[in-house]
Amino acid sequence: MSKIRDAFKNGKAFIPFITCGDPDLETTGKIVREMAAAGADLIELGIPFSDPTAEGPVIQGANIRALAGGITTDKIFAFVKELRKDVTVPLVFMTYANVVFSYGIERFVKCCAEAGMDGLILPDVPFEEKDEFAPICKANGIDFISLIAPTSENRVAMIAKEAEGFVYLVSSLGVTGMRAEIRTDLEAITAKIKENTDVPCAIGFGISTPEQAAELAGCADGVIVGSAIVKLIAEHGREAAAPVGAFVRAMKKGIAAR
């Protein structure tokens, strides 16, 4: 069992996402530690990219701010090594294929392993093209995490059967961002996933309240929240650690009853 799977062994998992370097890496470190202390079971760290096609305006803004501040992939690897001196929760990178290509796939994945990362999510890599990345990840002990979307339909079983770490179920069509209502028949999709794998399933995209988190945790093993947290960071800047910690506690409490 991978370290990522361990994040789901004590009930429903809460998985927050933040963009590294927004507003700076020192603040990112404070927020990650606060989220871990507040009960985050696994944390997604975004590596900024100039054209993040899956992201809505909130996370796009975070990418722009981080890149303008001089963030680089090398700085993020060094940052994670420092984090790992005291942060023990599983950590997963979320970024885009061009970031990995430009760094060199093998070099990037080896640096992930050396820094202490546990998984990698590339939302712009279709399942059919994952073999360019997945074997290298496997050889270095990094879970290459697959996404399943409402449009996956007949591909759900195929993707689930080869899943590693956890299945990232995209709740809605479109880009990331807070939504008032999620109408996708997620119960049907999660049932199909569970027919084909025992790898945990976590739902992301559009979740912003404890009530939404609690509802979606009813059919999945975990809930992922990004834009609502990134918005808090944009509002509070270098003082964001405390409000983000309070948000994580509220979300964790929301799913705890499921």
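The ranking of I159, I31 by Cβ neighbour count inside 10 Å, starting from the fewest, reads I159, I31. What you get for the chain, charging only the Cβ of Lys and Arg (+1) and of Asp and Glu (-1), is a dipole of about 620 debye around the Cα centre. Too long at a 19 Å Cα-Cα cut-off: which of K81/K110; K3/K85; K130/K194; K3/K110; K130/K231; K30/K85? Pairs exceeding 19 Å: K130/K194; K130/K231. Phi angles of segment 196-204 translate, via the Karplus equation with coefficients 6.51, -1.76, 1.60 and θ = phi - 60°, into HN-Hα couplings of 10, 7, 9, 5, x, 10, 10, 9, x Hz per residue; Gly and Pro are given as x. Taking each DSSP H run with n ≥ 4 as -39500 (n - 2.57) and averaging over every residue of the chain yields -13000 deg cm²/dmol at 222 nm. When each of R5, R107 is scored by the number of other beta-carbon atoms lying within 10 Å, the sequence from fewest to most is R107, R5.
Each Cα pair under 8 Å and six or more residues apart adds its sequence gap; the mean of these over the residue count of the chain is a relative contact order of 25 percent. Sequentially through segment 207-216, phi angles give Karplus couplings (6.51, -1.76, 1.60; θ = phi - 60°) of 8, 9, 10, x, 5, 4, 4, 5, 5, 6 Hz, Gly and Pro residues having no value and appearing as x.
Looking only at A62, A160, A191, which one moves most when the chain is put into a Gaussian network model with springs between Cα atoms under 10 Å? The residue with the greatest mean-square fluctuation here is A191. In percent, rounded to a whole number, the relative contact order of segment 1-44 is 52, using alpha-carbon pairs under 8 Å and six or more apart. Toward the positive end of the charge dipole of segment 3-256, with +1 on the Cβ of Lys and Arg and -1 on the Cβ of Asp and Glu, the farthest Cα among M251, T197, V230 is that of M251.
Each value in this text was obtained by applying a stated rule to the coordinates, not by laboratory testing. Keep in mind it's a predicted model, so treat the numbers as computed, not measured. Quick reminder, even Gly has a Cβ in these numbers, built from the backbone with ideal geometry, and neighbours come from all protein chains shown.
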